[in-house]
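Read through the structure below, which is laid out as structure tokens, and then see the notes.
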Amino acid sequence: MYVCICNAVTEDDVHGCMASGCTTAKAVKAACGFKPGCGLCTKRIHTMVSEYRASAALADALNGGPHPLAAVPEAPLDASRLPEPAQAMGQRADGGSASSTAA
Ligand code: FES
């Protein structure tokens, strides 16, 4: 969704700027290449920056401070743990219902 129509800046653009280290509305505007416009977006950008900073502060408080970004290792795929399509649908491969096996 667009935050600023005059400069065609979206919420994703603003979030990207904040994730890149912009911590003020002025810094976000500079990073997004804002040019003077109607100004209707200013309050929305301030709100987004404020929410981002508050959530970052909460996350830091819960996690004991900021942590450096690290790559998440990809878990190896174990095909034997995947359900067969028929089992996933609640039916056995022989056509019976999985719920009728107890009888
Ligand atoms: S909507 Fe952002 S300057 Fe007009």
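Read-outs: derived from the displayed coordinates by stated rules, not from any lab. As the structure is a computational prediction, the values presented were derived from the model and not from experiment. No Cβ is skipped: glycine too gets one built from the backbone with ideal geometry, and neighbour counts run over all protein chains shown.
Where Lys and Arg each count +1 and Asp and Glu each count -1, what net charge lies around Gly33 among other residues with Cβ under 14 Å from its Cβ?
+2
Sorted from largest down, what three extents in whole angstroms do the Cα atoms of the range 2-63 have along their principal axes?
Projected onto the principal axes, the Cα atoms of the range 2-63 cover 39, 19, 17 Å.
Which whole-Hz couplings ³J(HN,Hα) result when phi for each residue of the range 12-17 is put into the Karplus expression 6.51 cos²θ - 1.76 cosθ + 1.60, θ = phi - 60°, listed in order with x for Gly and Pro?
Values, residue by residue: 4, 4, 5, 4, x, 5 Hz.
So how strong a dipole does the range 2-63 carry about its Cα centre when Lys and Arg Cβ are +1 and Asp and Glu Cβ are -1, to the nearest 20 debye?
Value, rounded to 20: 300 debye.
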